[in-house]
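What follows is one structure encoded as structure tokens, with my remarks underneath.
The values are calculated or read from the model by the stated rules, or taken from the named source; none is laboratory data. Bear in mind that the values here come from a model prediction, so they are computed numbers and not experimental data. Cβ atoms come from the backbone with ideal geometry, glycine included; neighbour counts cover every protein chain shown. Surface accessibility is based on the protein's heavy atoms, side chains included, excluding ligands, DNA and RNA. Shrake-Rupley method; radii C 1.70, N 1.55, O 1.52, S 1.80 Å.
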Amino acid sequence: MTETPAPPAEARPGWRIDEGARADAIAEHDIETLRDDAALRRITDFAAALCGVPVSLVSIVEAERQTFLSRTGLDLSETPRETSFCAHAMLEDTIMVVPDATRDPRFADNPLVTEGLGIRFYAGVPLVREDGIPLGSLCVIDTVPRAGLTPLQRQGLAVLAADVLRRLGDSRSAAASRAAIGDSEGRFRTLADTMPQMVWSTQPDGFHDYYNARWYEFTGVPAGSTDGEGWNGVFHPEDQERAWAVWQRSLATGEPYQIEYRLRRYDGEYRWTLGRALPIYDANGAIVRWFGTCTDIHEGKLVREEREVVAQELSHRIKNIFAVISGLIGFSARAHPGFANVADDLRARVIALGRAHDFVRPHSAQSRPAAEQTSLQGLLTELFEPYQSRIAPRILVTGDDIVIDDRSATPLALLFHELATNATKYGALYNDDGTIRVHSRRAGDRVIIEWRESGGPIVAPPEKTGFGSQLIELSAVRQLAGTVAQRWESTGLEVEIMLPERSLSRV
């Protein structure tokens, strides 16, 4: 889903607000007493769980500073008004969504983006009083980019923002505070019950104390029967020990909980389900609650398994073709001894193509190559072997070696396989004189990989975007959250690929 860019500042009436009136409005609210307010804590906890993000908070934007309410233990330093997410969000007419803050010039100098926390995704609901004066925003934050918000998440955040405004208006009344807590609780439950997923929450020690209506509809169990540790009983017997171990690890480390397991439906059928949960922290960094969801993925998982069987069969046949070609080359070499040297070289290239094929095609945990590459240079060296010459290297790999894992190996292989193939068709590998230099280096928390061709024919930008360009975009940008810049120089194609190092390896 694509978000509509925000209009220029001068086009939004909110930017011409009376700052004096805003200051008076903020002074009417007892902001300091709301820093650890129970009602606001419930609101932001639910906002984070609703959107599947680690952080949600309320920001009151004053003239010279921001006041963060219901904040987590994260280091949310003050940011200049002109680069503040919440200062922009509070002046919008609807929810402001920033899919990737590193690509939004408004926040290019925001230290929460460029340093420390590394915010990538932000969504903020403006908190505007009935008299039209904006106070700040209710926002959700993530350190990875996202496409946007679902309609349900947008609706839910709007409801929660109304609760925040009500709580701000009631901040001086203890009786009103209790009423706000009760009202918010009712709204949370109403919203949770309308969600298509099963929603649950636990105390810090993992004791389950809430499930929404969807959980009871799906499982058919009596209300309250799965509180505490009773939830494990509705899992498939073969999945119970594994699910319990993963949950205990999350409780011990604070890591987000995610696992696929089979959950017993009300009719006795076990359905594949995706379970996720995020911890919610207090101002001191202690976990105060876990919010989780269960999503029925049964049909999708069966489809993926069927596709995996087909992919393995197709891969097996392709590798058989490589083996047949290699055998035919050997047979021809025996029949024509003078062809032996060329045949050996050609057979080695075919075998190398078969090895490279293992990295280029997508893999599941079952089909992943046994000789798994954990080194960027190792992967590239193996991938480029079919294109090398026995006389001198045609593709030279240099620079910093980077640790990679199974998540990044396939998109990297697809990306560089596409570049090498294009170089063979049109670029530096088209003739006998061209060479390619692939150089990788670290730049802070990012990895820059440079591809430079030379010695080949003069190349020009393609007239239209083809499948290869889309494949490069999919691999580097969408899967690895990076950027790709291509320059068609007179000496040959130059490509600069910039990737977050954390997208290459979990280490």
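What the table below lists for this structure:
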| item | result |
| --- | --- |
| Cβ-placed point charges (K, R +1; D, E -1), dipole of the stretch 41-155 about Cα centre in debye, nearest 20 | 360 debye |
| Interchain or long-range residues, amide H under 5 Å from Ile402's placed H | Leu376, Gln377 |
| Percent accessible area from carbon and sulfur atoms, the stretch 412-507, protein chains only, probe 1.4 Å | 51 percent |
| Where Arg264, Arg407 fall by accessible area, highest first, once all protein chains stay in place (1.4 Å) | Arg407, Arg264 |
| Distance in nm between pseudo-label sites at Val303 and Glu494 (7 Å out along the Cβ direction from Cα) | 4.4 nm |
| Cα-projected label distance for Glu19 with Ala162, points at 7 Å along beta-carbon direction, nm | 3.3 nm |
| Other-chain or far-sequence residues with amide H under 5 Å of Arg446's (modelled H) | Glu501 |
| Relative counts (whole %) of C-alpha pair distances in the stretch 409-461, using bins that are 5 Å wide | 5, 19, 24, 23, 16, 10, 4, 1 |
| Asp401 - accessible surface, heavy atoms, 1.4 Å probe, Å² rounded to 10 | 70 Å² |
| In nm, spacing of pseudo-spin labels at Thr143 and Ala38 (7 Å Cα→C-beta vector) | 3.2 nm |
| Exposure of Trp231 as accessible area (Å², to 10), given a probe of 1.4 Å and all protein chains | 10 Å² |
| Residues Glu82 and Asp131, FRET efficiency given R0 of 45 Å [Cβ-Cβ distance, rounded to 0.05] | 0.95 |
| Accessible heavy-atom area order of Tyr430, Tyr211, Tyr281, Tyr387, highest first, probe of 1.4 Å | Tyr430, Tyr281, Tyr387, Tyr211 |
| Amide H contacts of Tyr270 (H built 1.01 Å from N, under 5 Å, at least 5 apart or other chain) | Arg265 |
| Pairwise FRET efficiency - Tyr210 versus Glu463, Cβ, R0 = 56 Å, nearest 0.05 | 0.45 |
| In Å², nearest 10: area of Glu241 left accessible to a 1.4 Å probe | 150 Å² |
| FRET E, pair Ala485, Thr94, Förster distance 35 Å, beta-carbon r, rounded to 0.05 | 0.55 |
| Cα shape, the stretch 418-507, gyration tensor, a/c 1.5 rule | prolate |
| Dipole moment magnitude, nearest 20 debye, the stretch 234-275 about Cα centre, only Lys, Arg, Asp, Glu C-beta charged | 60 debye |
